[in-house]
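FYI, it's all coordinate maths here, none of it is from the lab. On a predicted model such as this, the values are computed, not experimentally measured, just so you know. Glycine gets a Cβ as well: all are built from the backbone with ideal geometry, and neighbour counts include every protein chain shown.
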Amino acid sequence: MVNVHHPIGPRLIRNIIMVSTFFSILATGIQLYSDYKGETYLMNIRLDQIKSSSLDSLTLNLWQNNETLINIQLKSLLSFPDITYAAIFEDESESYAFGENLRHDSIAKEYPLVYTYKKKKYTLGILHLQAGLGQIRDRLQDKFYLIAVTQSVKTFIVAFVMLYIFSYMVTRHLHKISQYARVMSYDKQEEVLQLDKEAKEDELDLLVDSLNSLHAKMRVRLSQSEQANSDLDHINEVLQKRIDLHKDSAETVFILKKEAQEILNMMKMIYEENPHASDIDAMKQDLKALNILLQRTLNKN
């Protein structure tokens with residue numbers, strides 16, 4: 001088997017890995033972005049749920065100035081997922097606060113604490129809640145690592161499976177075609193190239209049919225060339241015999257002219273039958289030799 005300096009297989013694996021990695025990263029990015037939007041949406045819903053469940057009781061405790069219950073309630077709010085900060089502001093100042101104020105790295109919402117007494121509404125303060133985005137990023141980061149490892153393993157498995165399939169379906173047939181094409185110009189046998197595969201009439205079969213057709217034409221041309229050589233040898237033999245037969249006759253010059261014309265006609269017929277034969281140059285050399293022989297004979301006579 002001939003060594004191939006740049007085989008297709010490794011390049012196929014490299015291209016599959018590169019393309020698969022690109023689309024895996026793209027798909028992962030889209031998925032993570034979608035998950036991030038979904039997480040933030042759920043976080044906003046969770047904050048609204050806290051408002052529905054805790055706002056009235058906090059307002060009542062604040063109206064009654066029950067600091068103990070207010071502190072207990074605010075601390076309990078931190079037990080909700082992703083809630084990092086809970087505070088009550090009165091007169092724009094922080095009266096009760098628990099947790100870490102993340103400021104910009106969070107989703108924050110404010111809910112007014114309004115108490116209705118004798119059909120009159122009193123704004124007692126504002127409940128400030130924060131949900132940290134860092135916890136969402138941590139979850140997405142863990143998810144990214146899992147997706148990256150999974151996609152990498154899948155990409156390498158697919159690449160090597162594709163290499164095996166490509167080798168079985170294409171490469172081994174290309175090697176056989178290459179070996180056949182390398183020797184077919186010297187092969188006079190009528191053996192045709194056939195591939196050992198189930199699928200028929202695909203691109204490889206078209207290539208094999210073209211090679212078999214070319215091989216058949218080459219055998220015909222080779223046979224025609226051999227026949228032309230045989231005819232030339234016969235012509236030379238006949239010419240030499242007739243020259244020897246008539247070399248002492250007074251009619252030698254006229255006979256030679258007639259024989260030369262006959263030989264020329266025979267050569268033209270051979271050329272018309274096989275214009276691409278490899279012995280056309282040899283025929284031209286024979287004609288030159290014949291002309292020289294005629295000139296010498298004429299000079300002697």
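Label-point separation (nm) for ALA148 and MET162, each offset 7 Å from Cα along Cα-to-Cβ?
Calculated label separation equals 2.2 nm.
How far, in nm, would the chain grow between TYR115 and GLU90 when pulled straight, counting 0.36 nm per residue and subtracting the alpha carbon separation? Please report the intermediate quantities before stating the final value.
On the way: separation 25, 0.36 × 25 = 9.00 nm, distance 1.36 nm.
My answer for the length gained is 7.6 nm.
Rounding to the nearest 20 debye, state how big the charge dipole of segment 8-138 is about its Cα centre with +1 on each Lys and Arg Cβ and -1 on each Asp and Glu Cβ. Write out the running numbers ahead of the final one.
Working: 13 positive and 14 negative charges, 104 e Å.
With only Lys, Arg, Asp and Glu charged at Cβ, the dipole is about 500 debye.
So between LEU207 and GLN179, what do we pick up on full extension, going 0.36 nm a residue minus the alpha carbon distance?
Extra length from LEU207 to GLN179 when fully extended: 8.7 nm.
On full extension of the chain, what length is gained from SER57 through ASN15, given 0.36 nm per residue of separation minus the C-alpha to C-alpha distance?
On the way: separation 42, 0.36 × 42 = 15.12 nm, distance 6.31 nm.
Additional length available on full extension: 8.8 nm.
Under a plain spin-label model, where a point goes 7 Å from the Cα along Cα-to-Cβ, how far apart in nm are ILE72 and LYS200?
That separation, rounded to one decimal, is 8.8 nm.
Could you give the nm distance between label points at SER223 and ILE30, where each point is 7 Å from its Cα heading toward the beta carbon?
Taking the simple label geometry, SER223 and ILE30 are separated by 6.2 nm.
Using the structure shown, select from LYS37/LYS120; LYS37/LYS119; LYS109/LYS143; LYS51/LYS118; LYS154/LYS176 the pairs with a Cα to Cα distance greater than 30 angstrom. Walk me through the numbers on the way to the answer.
Values: LYS37/LYS120 40 Å; LYS37/LYS119 41 Å; LYS109/LYS143 28 Å; LYS51/LYS118 24 Å; LYS154/LYS176 32 Å.
From LYS37/LYS120; LYS37/LYS119; LYS109/LYS143; LYS51/LYS118; LYS154/LYS176, over 30 Å: LYS37/LYS120; LYS37/LYS119; LYS154/LYS176.
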